[in-house]
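The values are calculated or read from the model by the stated rules, or taken from the named source; none is laboratory data. Treat the numbers as computed from the prediction; the structure is a model and nothing was measured. In this analysis, Cβ positions are derived from the backbone assuming ideal geometry, glycine residues included, and neighbour counts consider all displayed protein chains. Protein only, heavy atoms only, side chains kept; ligands, DNA and RNA dropped before computing areas. Shrake-Rupley method; radii C 1.70, N 1.55, O 1.52, S 1.80 Å.
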Amino acid sequence: MTQTYSRLTIDDRGVAWLTLERPDVHNAFDDSLIAELNVHLERLHDAARHGEVRAVVLGSEGKSFSAGADLNWMKRMVAYDVDDNIADSRKLAALMHGLDTLPCPTVCRVQGAAFGGAVGLAACCDIVIASEKAKFCLSEVKIGLSPAVISPYVQRALGERQARRYALTAEVMDAPTALALGLAHRVVEPETLDDAVAAMLDTLLAGSPQAQRATKALLAEVARAPDSKATREHTCQVISELRVSAEGQEGLASFFEKRRPAWINDSDTTATERRS
């Protein structure tokens, strides 16, 4: 049987759990894991577009989120020429782009160290919830490399000024620093990490799936050209189409009638209700 290094499961609420499963090497990724994750992301893109997946949680097994690049993989890459390296880097770039552009909301669960490319994984997710034990480091310059492929996403998360500092120094950011700089959205005690992720999922699942897909795409477009005439016209088009859509009409009706909208099923109990 072929060995796998990741797992994708989808629960009955439409939450997809994408989990790195290499705890013996701190969930370091190599070409095999990257290929697996790209396959999973292709499936998730299709499922999210069709409304079969409402949210994605990216996490990992063990004490570390991910140590970044696998050492054995890096040893193999020493013999690669420029063309081989470009081909290899494009697969990692596809992973980051695929994660960043998933149509549905994404949550990154960071329980420990996130080094090198793992910082890129976190930066590509919409929401990052970290344990107080989490640490983040753009460590590439210490071994003569650069956080090149992940840089668009990391710089967007940290801002240009802070990205320059941490990419050039390879300093380790503790969880409170990551929170202050905008890389993480919430930091919690280690024993409450899963509860915090569950609570965030409850919040996300209360929103309209169609509106969340449209909003995520809209924000990406606005970021590219925030004050262009085309962008302003696009924002008008998006809200107009949502207002007349079936979900938009249902959302407004449920608000005025003081009831749950149809996209919240009776089976969609909250984390609090499930624990009571």
If I filter region 214-233 down to residues being part of a helix (DSSP H, G or I) and open to solvent by 70 Å² or more (accessible area, probe 1.4 Å), which single residue comes out as farthest from Trp263 (Cα to Cα)?
Lys229
Do we have Ala211 as assigned to a helix (DSSP H, G or I), open to solvent by 40 Å² or more (accessible area, probe 1.4 Å) and within 20 Å of Cys104 (Cβ to Cβ) here?
no
Suppose we filter region 200-231 for residues that are out of contact with any Ser or Thr (no Cβ under 8 Å at 6 or more places or on another chain), among the small types (Gly, Ala, Ser) and under 16 Å from Asp126 (Cα atoms); how many remain?
5
Lys133 vs (1) in a helix (DSSP H, G or I); (2) surrounded by fewer than 19 Cβ atoms within 10 Å (Cβ to Cβ): all pass except (1)
Quick one: is Glu160 modelled with pLDDT of 95 or more and open to solvent by 60 Å² or more (accessible area, probe 1.4 Å)?
yes
Scan of region 147-165 for residues that are in contact with a Leu (Cβ under 9 Å, 6 or more places away or on another chain), over 23 Å from Lys216 (Cβ atoms) and either part of a loop (DSSP other than H, G, I, E, B) or touching a residue at least 60 places away in the same chain (Cβ under 8 Å) (or both), ordered by number:
Pro147
Any residue in region 109-122 that is free of Cβ contacts under 8 Å to residues at least 12 places away in the same chain and over 30 Å from Ala214 (Cβ atoms)?
no
In region 6-22, which residues are part of a loop (DSSP other than H, G, I, E, B), in contact (Cβ under 8 Å) with a residue 12 or more places away in the chain and at negative phi?
Asp12, Arg13, Glu21, Arg22
Tabulated pairs, region 185-204, first in a helix (DSSP H, G or I), second open to solvent by 40 Å² or more (accessible area, probe 1.4 Å) and not hydrophobic (A, V, I, L, M, F, W, C), C-beta under 7 angstrom, 6+ apart or interchain:
Pro190/Glu132; Pro190/Lys133; Leu193/Arg109; Ala196/Arg186; Val197/Arg109; Asp202/Thr270
Check His40, His26, His45 and return the single one that is touching a Ser or Thr at 6+ places or on another chain (Cβ under 6 Å), in contact (Cβ under 8 Å) with a residue 24 or more places away in the chain and not small (Gly, Ala, Ser).
His26
Against the definition (free of Cβ contacts under 8 Å to residues at least 12 places away in the same chain, of a type in the set (Val, Ile, Thr) and within 19 Å of Thr106 (Cα to Cα)), how does Thr231 come out, yes or no?
no
